[in-house]
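Colleague: Here you go, one structure.
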Amino acid sequence: MQKIAIIGAGGWGTALAIVLARARESRPIALWARENDVLASLQSRRENSVFLPGFRVPQHVEVTGELEPALRGAEIVIGAMPATHARAMYCAAVSFLRPEMRFVSATKGLEPETLLRVTEVMTQVMAPKFRPRIVALSGPSFAKEVARGDPTAVVAASTDREAAKWIQREFSGPTLRLYTNEDVIGVELGGALKNIIAIAAGVAEGLGLGHNTIAALITRGLAEMTRLGTALGARRDTLGGLAGLGDLVLTCTGDLSRNRFVGVELGRGRKLDEILASMRMVAEGVGTAAAARTLAQKAGVEMPITEQMFAVLHQGRSPKDALRELMERRLKSESGQDA
């Protein structure tokens with residue numbers, strides 16, 4: 001039975017450890033935690049009281065704060081860290097990595113400085129040593145619901161079809177179903193860009209607006225996600241699938257969405273710095289908004305919701321003014337042709 005090493009013990013990394021251990025009780029799993037309080041909670045109570053309270057991590061999951069023991073003997077390495085930490089984490093781990101390992105990126109976001117997708121960051125870090133076989137894991141999946149055992153469907157994407165199928169077989173179980181996809185660009189961009197739209201949906205909620213507004217933001221948000229995605233090489237049907245539309249609906253409407261929470265609080269008048277200071281978990285959409293805006297400008301793609309959320313998050317524009325700007329834009333055809 002192949003050992004799985006999970007790098008990152010946030011809510012998502014912990015939930016993956018729980019669901020994968022539950023599916024095959026004899027499977028060796030190591031969970032690496034960076035924060036001392038998280039590590040202490042997991043080791044003493046078998047619970048991540050910081051990021052995923054109320055769920056017991058099975059006893060046979062090895063919990064450690066050292067990378068070398070976590071990665072020793074692993075056949076599958078799952079990266080579940082925030083996108084901003086991905087490069088540093090893989091650089092710290094690379095001396096313990098081997099070419100026969102299969103890598104799974106479970107991070108949803110873009111590296112702000114380089115605009116790279118996380119699988120591209122991984123390849124850059126590992127390429128001097130070996131060419132890694134990487135699968136991107138994404139889709140509508142709140143950590144709490146995965147840990148609780150709610151039926152969940154996600155996507156395993158890789159240009160290496162056999163690697164994706166192998167991860168599909170290894171990870172699928174009674175409560176977790178994986179679909180394969182060869183469109184890594186679409187799957188990763190869907191998982192990153194939907195967070196920006198979720199902030200916008202939260203802003204609308206915080207302003208006291210109703211379902212009409214949220215439905216419009218989801219629909220038009222998907223349109224601009226698709227425009228940028230296809231301009232960068234993604235397939236349209238991928239953005240309309242689990243990793244695009246599915247994750248978009250979840251994060252725009254679910255109370256467990258961190259990005260939606262940021263938007264709600266902004267809509268209620270709180271300052272961004274104050275909101276982020278009150279959170280331990282990362283809201284990836286805050287950093288992704290700047291990266292996506294730059295990518296859109298370079299690709300010549302119009303992304304009005306992203307543009308307005310960037311202005312709210314990074315330029316001090318008020319949420320009310322941002323929504324007014326969206327409504328007062330030049331009138332157009334829904335198909336993209338001028339009205």
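Colleague: In this structure, is Ala163 in contact (Cβ under 8 Å) with a residue 12 or more places away in the chain, surrounded by fewer than 23 Cβ atoms within 10 Å (Cβ to Cβ), more than 21 Å from Gly287 (Cα to Cα) and within 17 Å of the chain's Cα centre (by Cα)? Full working, then the answer.
Modeller: Working: in contact (Cβ under 8 Å) with a residue 12 or more places away in the chain: yes; surrounded by fewer than 23 Cβ atoms within 10 Å (Cβ to Cβ): yes; more than 21 Å from Gly287 (Cα to Cα): yes; within 17 Å of the chain's Cα centre (by Cα): no.
No.
Colleague: Let me ask something else. Return the pairs, sorted by first residue and then second, in which the second residue is in a loop (DSSP other than H, G, I, E, B), the first residue lies in region 87-104 and is farther than 13 Å from Glu68 by Cα, the beta carbons are less than 6 Å apart, and the residues are 6+ apart or on different chains.
Modeller: Between residues of region 87-104 that are farther than 13 Å from Glu68 by Cα and residues that are in a loop (DSSP other than H, G, I, E, B), the close pairs are Pro99/Phe130; Phe103/Pro132.
Colleague: Got a sec? Which of Ala289, Ala234, Ala243, Ala283 is touching a strand residue (DSSP E or B) at 6+ places or on another chain (Cβ under 6 Å), under 30 Å from Asn181 (Cβ atoms) and not assigned by TED's automatic domain parsing to the domain that holds Pro53? Break it down into steps so the answer makes sense when it comes.
Modeller: Values: Ala289 fails: touching a strand residue (DSSP E or B) at 6+ places or on another chain (Cβ under 6 Å); Ala234 fails: touching a strand residue (DSSP E or B) at 6+ places or on another chain (Cβ under 6 Å); Ala283 fails: touching a strand residue (DSSP E or B) at 6+ places or on another chain (Cβ under 6 Å).
After ruling out the rest, the residue left standing is Ala243.
Colleague: So for region 203-217 (the condition being among the acidic types (Asp, Glu), outside the structural domain of Val77 (by TED's automatic domain parsing) and buried (at least 18 other Cβ atoms within 10 Å of the Cβ)), does at least one residue qualify?
Modeller: Within region 203-217, the subset among the acidic types (Asp, Glu) is 205.
Filter once more, so that each one left must be outside the structural domain of Val77 (by TED's automatic domain parsing): 205.
Add one more test, that the residue is buried (at least 18 other Cβ atoms within 10 Å of the Cβ), and what stays is 205.
Yes, some residue in region 203-217 is among the acidic types (Asp, Glu), outside the structural domain of Val77 (by TED's automatic domain parsing) and buried (at least 18 other Cβ atoms within 10 Å of the Cβ).
Colleague: Mind counting the residues in region 115-140 that are part of a loop (DSSP other than H, G, I, E, B) and farther than 25 Å from Arg293 by Cα? Give the derivation first.
Modeller: Initial filter on region 115-140 (part of a loop (DSSP other than H, G, I, E, B)): 115-116, 127-132, 139-140.
Remaining after also requiring farther than 25 Å from Arg293 by Cα: 127-132.
Residues meeting the conditions: 6.
Colleague: OK, next. Are there any helices (runs of 4 or more DSSP H) wholly within region 254-339 with 2 or more residues that are crowded, with 21+ Cβ neighbours inside 10 Å, and if so which?
Modeller: On the way: elements: 258-267, 272-277, 284-299, 304-314, 319-327.
Here the list reads 258-267, 284-299, 304-314, 319-327.
Colleague: Let me ask something else about it. The conditions are (1) buried (at least 20 other Cβ atoms within 10 Å of the Cβ); (2) touching a Ser or Thr at 6+ places or on another chain (Cβ under 7 Å), and Val63 fails exactly one of them. Which is it?
Modeller: For Val63, the failing item is (2).
Colleague: Oh, and also: Take Leu193 and decide whether it is outside any helix (DSSP H, G or I), under 27 Å from Phe261 (Cα atoms), touching a residue at least 40 places away in the same chain (Cβ under 8 Å) and not aromatic (Phe, Trp, Tyr).
Modeller: Values: outside any helix (DSSP H, G or I): no; under 27 Å from Phe261 (Cα atoms): yes; touching a residue at least 40 places away in the same chain (Cβ under 8 Å): yes; not aromatic (Phe, Trp, Tyr): yes.
Spelling it out, it is not the case that Leu193 is outside any helix (DSSP H, G or I), under 27 Å from Phe261 (Cα atoms), touching a residue at least 40 places away in the same chain (Cβ under 8 Å) and not aromatic (Phe, Trp, Tyr).
Colleague: Residue check, Ala289 against (1) under 22 Å from Leu207 (Cβ atoms); (2) modelled with pLDDT of 95 or more; (3) out of contact with any helix residue (DSSP H, G or I) (no Cβ under 9 Å at 6 or more places or on another chain), all met but one. Which one?
Modeller: Every listed condition holds for Ala289 apart from (3).
Colleague: Has region 221-229 got any residue that is out of contact with any helix residue (DSSP H, G or I) (no Cβ under 8 Å at 6 or more places or on another chain), outside any helix (DSSP H, G or I) and not β-branched (Val, Ile, Thr)?
Modeller: No: zero hits.
Colleague: If we scan region 69-84, do we find a residue that is surrounded by fewer than 14 Cβ atoms within 10 Å (Cβ to Cβ), assigned by TED's automatic domain parsing to the domain that holds Pro132 and closer than 30 Å to Ile196 by Cα?
Modeller: Checked region 69-84: no residue is surrounded by fewer than 14 Cβ atoms within 10 Å (Cβ to Cβ), assigned by TED's automatic domain parsing to the domain that holds Pro132 and closer than 30 Å to Ile196 by Cα.
The values are calculated or read from the model by the stated rules, or taken from the named source; none is laboratory data. As the structure is a prediction and not an experimental result, all values here were calculated from the model. Heads up, the Cβs are rebuilt from the backbone with ideal geometry, glycines too, and the neighbour counts pull from every protein chain shown.
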